[in-house]
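Working notes, beginning with the structure itself.
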Amino acid sequence: MIRRLKIKIVAVIMTILTLTVTIIMVAINMVSQQDNRDRIENRLYRIAANDGRMPKEYDSLDPYHDAQSGYIDSFSVQVNHFYEVRKIILSRNIVVEQDTIIDYANEALVSGKQTGELGGYAFTIHNKPYGMIIVFMDVKPYQEANESLMRTTLFIGVTAILLFFIISIFLAKWLVRPVTTTLDKQKRFISDASHELKTPLAVISANTDVLEAEIGENKWLGYIRSESSRMSELVNELLILARLEDKTGHRLIIQPLDLTALVLQTALPFESTVFEMGKRFSVEAQPDVTYVGDASTIKHILTILIDNAVKYSEEHGEISVKLYTRSNRRIIEVYNTGEGVPKEKLTRIFERFYREDEARNSKNGGYGLGLAIARSGIQAHGGKIFAQSEYGKWIRFTVVL
């Protein structure tokens with residue numbers, strides 16, 4: 001739970017920061033590109049207004065201004081009313097073949113646009129008394145500046161996101177520290193209380209047996225024995241859960257085991273009970289499936305899942321247990337027909353003390369700890385468990401090891 005909480009905190013922080021950084025980066029690049037477009041249009045207009053020649057006035061703040069020529073490389077083509085070339089005007093540094101210039105001019109005229117871009121040159125067309133003038137200006141420096149700014153902002157943005165990610169990990173740890181402390185105290189209390197309760201429960205049970213031997217059977221003694229038995233069962237489940245969740249105290253006995261045999265040994269004893277209840281029971285186990293894990297923990301988990309399937313299957317219902325492998329993973333499925341669980345509650349049924357139906361659980365016994373124990377045991381093995389259900393028809397628990 002703590003790990004999931006940390007992941008959620010980091011995910012929320014990173015989502016907000018990533019969106020913020022992305023918006024800032026996009027805004028900076030858009031403003032820069034718009035500023036360059038405005039500069040290009042202004043330069044083209046001023047050259048066209050000066051009949052293709054460089055105006056004497058210029059904006060000294062223009063980063064692409066050439067102090068000698070007035071502007072960066074450009075060329076202009078004057079055409080008469082019959083679309084014949086009158087004059088070609090070149091800037092100081094431009095090196096373009098005359099045929100290429102004429103081709104550019106024809107393309108610009110054919111495009112039907114007053115402004116546009118051809119082959120790395122921005123152009124504008126203005127009407128003149130003698131016909132028209134087409135001004136071309138090299139925009140590569142502006143494009144390179146835009147690309148350079150984009151690379152720079154991208155590098156800064158990615159670096160900032162990675163830095164924020166590292167900071168968010170430490171921040172998540174700091175934020176969940178009080179929760180971690182509280183949960184640790186809670187687990188310790190449950191473990192200590194369960195240990196302390198075992199002795200008085202054993203004494204109550206022993207004294208009940210002594211009283212029954214002296215005074216004979218008595219319904220009051222029967223109530224005491226029944227309730228002390230239920231309390232002992234609850235204490236044992238709490239102890240198992242506390243040990244599985246206490247990473248420092250409980251150690252699994254990891255060893256090679258025959259998973260096929262373990263599944264069969266756990267499931268088959270339920271066969272007679274299920275038969276007496278008038279229900280159908282089937283077990284399918286792929287031969288020679290091995291695994292390295294804690295045999296007692298896995299067996300206890302299987303017992304919980306099969307016992308739940310027996311309890312919550314409807315009259316004359318169907319229960320099945322399957323073991324098979326897929327992509328080097330061991331998969332155990334426990335299925336039963338019956339009422340099932342609503343889709344929105346499938347994840348909550350693995351919470352401690354959670355009961356999907358109080359009345360049904362009270363009738364069948366249990367304290368809402370079985371599936372929590374199963375999940376903790378599977379997670380301790382590095383596996384996962386999840387449930388699927390069609391409410392009112394069936395439910396299936398799948399263990400992936």
Inset, instruction - Provide a single number: the residues in segment 131-162 that are of a type in the set (Phe, Trp, Tyr) and open to solvent by less than 30 Å² (accessible area, probe 1.4 Å). - result: 2
Inset, instruction - Filter segment 90-116 down to residues that are part of a loop (DSSP other than H, G, I, E, B) and in contact (Cβ under 8 Å) with a residue 24 or more places away in the chain and give me whichever is nearest to Asn80 (Cα to Cα). - result: Ser91
Inset, instruction - Please verify whether segment 291-300 includes one or more residues that are within 31 Å of the chain's Cα centre (by Cα) and part of a loop (DSSP other than H, G, I, E, B). - result: yes
Inset, instruction - Select, from Phe189, Phe270, the only residue that is surrounded by 11 or more Cβ atoms within 10 Å (Cβ to Cβ), aromatic (Phe, Trp, Tyr), on the phi < 0 side of the Ramachandran plot and at pLDDT 90 or above. - result: Phe270
Legend entry - Residue count, segment 261-287 (criterion: of a type in the set (Asp, Glu) and in contact with a strand residue (DSSP E or B) (Cβ under 8 Å, 6 or more places away or on another chain)): 2
Legend entry - Scan of segment 117-162 for residues that are free of Cβ contacts under 8 Å to residues at least 24 places away in the same chain, in a helix (DSSP H, G or I), more than 30 Å from Thr15 (Cβ to Cβ) and not basic (Lys, Arg), ordered by number: Gln143, Glu144
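I want to confirm something. Restricting to segment 312-331 and keeping residues that are in contact with a Lys or Arg (Cβ under 9 Å, 6 or more places away or on another chain) and charged (D, E, K, R), which single residue is modelled with the lowest pLDDT?
Residue satisfying both the conditions and the ranking: Glu315.
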Legend entry - Residues (open to solvent by less than 50 Å² (accessible area, probe 1.4 Å), farther than 16 Å from Arg43 by Cβ and of a type in the set (Phe, Trp, Tyr)) located in segment 82-122: Tyr104
Legend entry - Single residue of Ser228, Ser168 found to be modelled with pLDDT of 85 or more and among the hydroxyl-bearing types (Ser, Thr, Tyr): Ser168
Legend entry - Condition check for Thr325: part of a helix (DSSP H, G or I), touching a residue at least 24 places away in the same chain (Cβ under 8 Å), open to solvent by 40 Å² or more (accessible area, probe 1.4 Å) and among the β-branched types (Val, Ile, Thr): no
Legend entry - Among (1) at pLDDT below 85; (2) assigned to a loop (DSSP other than H, G, I, E, B); (3) more than 16 Å from Ala309 (Cβ to Cβ) - the single one Gly382 does not satisfy: (1)
Legend entry - Residue check for Ala261: crowded, with 20+ Cβ neighbours inside 10 Å, of a type outside the set (D, E, K, R) and outside any loop (DSSP other than H, G, I, E, B): no
Inset, instruction - Identify the residue in segment 338-352 that is open to solvent by 70 Å² or more (accessible area, probe 1.4 Å) and farther than 15 Å from Arg375 by Cβ and, among all such residues, is modelled with the lowest pLDDT. - result: Glu344
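The values are calculated or read from the model by the stated rules, or taken from the named source; none is laboratory data. Just so we're clear, the structure is a prediction, and the values are computed from it rather than from any experiment. Note: ideal-geometry Cβ built from the backbone for every residue, glycine included; neighbour counts use all protein chains shown. With ligands, DNA and RNA removed, areas are computed over all heavy atoms of the protein, side chains included. Shrake-Rupley method; radii C 1.70, N 1.55, O 1.52, S 1.80 Å.
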